[in-house]
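Some notes on the structure that comes next.
The values are calculated or read from the model by the stated rules, or taken from the named source; none is laboratory data. It should be emphasised that the depicted structure is a prediction, and the values quoted were computed from it without experimental measurement. Accessible surface areas use protein heavy atoms only, side chains included; no ligands, DNA or RNA. Shrake-Rupley method; radii C 1.70, N 1.55, O 1.52, S 1.80 Å.
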Amino acid sequence: MKNKYLFLVVVALVFIGSNSSIAQKTSWAVPEYTKGLKNPFGGNSSATAEGKDIYEQMCVLCHGLTGMGNGEAGLSLDLQPANFLHIKDIKNETDGEIFWKITVGKPPMSSYDELLTEDQRWKLVNYIRELNKKK
């Protein structure tokens, strides 16, 4: 009997621990054409700085100040926001794929197609790349 309770506790802890990083594990398929989209601000440090300002205004509430997915609003979500410091595949994604994800969104993340201009979304891609470098 005691072993059954111990087993249930272990299963519950595994579930709780894995649930907090579920956003990192769920796939987010993007259209093939996005891989060819070119960032007009790639390598532009002033655009990256502007991307940081945009991030601090629009993304920090869910993704957190340092991009760890631990923003105050994000902590209340069932599906936790992405932690940009631990997304393994981000280095394999093109800027176009990241841009598309920002543009279209995926619940609980909303679409930023109408909230940010195209230039702002590209600059945000630059800053997200910088956050991933700070691991």
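P(r) of the range 69-135 in 5 Å steps, Cα pairs, percent per bin? The distribution over the range 69-135 is 4, 16, 24, 27, 22, 7, 0, given as percents. Put the Cα centre of the range 25-70 next to the Cα centre of the range 73-107 and the gap is 8 Å.
Only protein atoms count toward the accessible area here, which uses a 1.4 Å probe; on the range 44-135, the carbon and sulfur part of that area reaches 53 percent.
Estimated at 0.36 nm per residue, the fully extended path between Ala29 and Lys133 surpasses their Cα-Cα distance by 35.1 nm.
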